[in-house]
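Structure record follows, encoded as structure tokens.
Where a number appears in this text, it was derived from the coordinates with a stated rule and is not lab data. Because the structure is predicted, anything quoted here is derived from the model rather than measured. For neighbour counting, all protein chains shown are included, and Cβ atoms are generated from backbone atoms with ideal geometry for every residue, glycine included.
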Amino acid sequence: MYTTVSMEAAFFLTCMLAGIAAAFVYDILRISRRIVKAGTVAVNLEDILFFVAAALMLFYAAFLKNSGEIRWHGFLGGGTGVALYIFVVRNRVVDIGTALVKWTMKAFVTVVRICSFPLRILFKALKKPISVVAWYTGRSVRRAKRVVRQTRARVKVRAKNAVLVLRKK
């Protein structure tokens, strides 16, 4: 079987790009782990799925450029791509990605607060009339009021947890 050096170089570069892509995907996992703290089982499952995906990417690169033949320079290209990515951009991608996700979450919370402001004013304005009607109507409305109070407490706890997650680095 006759192969040229240019075909082998293209295969090496394809494997190198696959290695860079695999390292980038792992950095996305690192960003998600910085934002949401996961348990050991979830982290191990993510790692297993990542390694399966990375192996499939490298084998797909071998299939595309080398007719499915696995050669040592393919593994060397993948390792070189990972090393190049790690030494050149890795921590910058994770730091910028984490900051971007946290900023997006803060912006979303701010937009929700701005949009819900008229509703909060309306609820405060209706609080007194509703309490008077509830006093007159008896138990069923008091039950409904208790449910609303419990729901409001749950929403406050979830909002506090979201703020705490945003403040963590």
Next on the checklist: Using only Cα atoms and rounding to the nearest 10 degrees, what angle (0 to 90) does helix 139-167 make with the longest principal axis of the chain?
Outcome noted: 40 degrees
Item to check | Option label - percent of Cα pairs over 27 Å apart computed here, alternatives [x] 26; [y] 54; [z] 46 | outcome: [y]
Checklist entry - When Rg is the radius of gyration of the Cα atoms in segment 5-88 and Rh is its Kirkwood radius, what does Rg/Rh come to? => result 1.07
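Students often check this: by mean Cβ neighbours within 10 Å, which of 100-111, 20-31 ranks highest, and how do the rest follow?
Working: 100-111: 12.5, 20-31: 17.8.
So the order, starting with the most tightly packed, is 20-31, 100-111.
Using only helices, what value at 222 nm comes out for the chain when you add -39,500 (n - 2.57) per DSSP H run of length 4 or more and divide by the total residues, to the nearest 500 deg cm²/dmol? Could you put the intermediate results ahead of the total?
Working: 5 runs with 152 residues, N = 169.
Helices in the chain give a 222 nm mean residue ellipticity of -32500 deg cm²/dmol.
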Next on the checklist: Can you find, among I114, V155, V89, the residue sitting farthest towards the positive end of the charge dipole of segment 83-162, where Lys and Arg contribute +1 and Asp and Glu -1 at Cβ?
Outcome noted: V155
Checklist outcome for this item: For the chain, the longest principal axis of the Cα atoms and the Cα long axis of helix 90-137 enclose an angle in degrees, to the nearest 10, of 20 degrees
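Across the chain, how many lysine pairs, 8 or more positions apart or on different chains, have C-alpha atoms separated by under 12 Å? Please give the number. Can you show the working numbers first?
Values: K37/K168; K37/K169; K102/K168; K102/K169; K127/K145.
So the count of such lysine pairs works out to 5.
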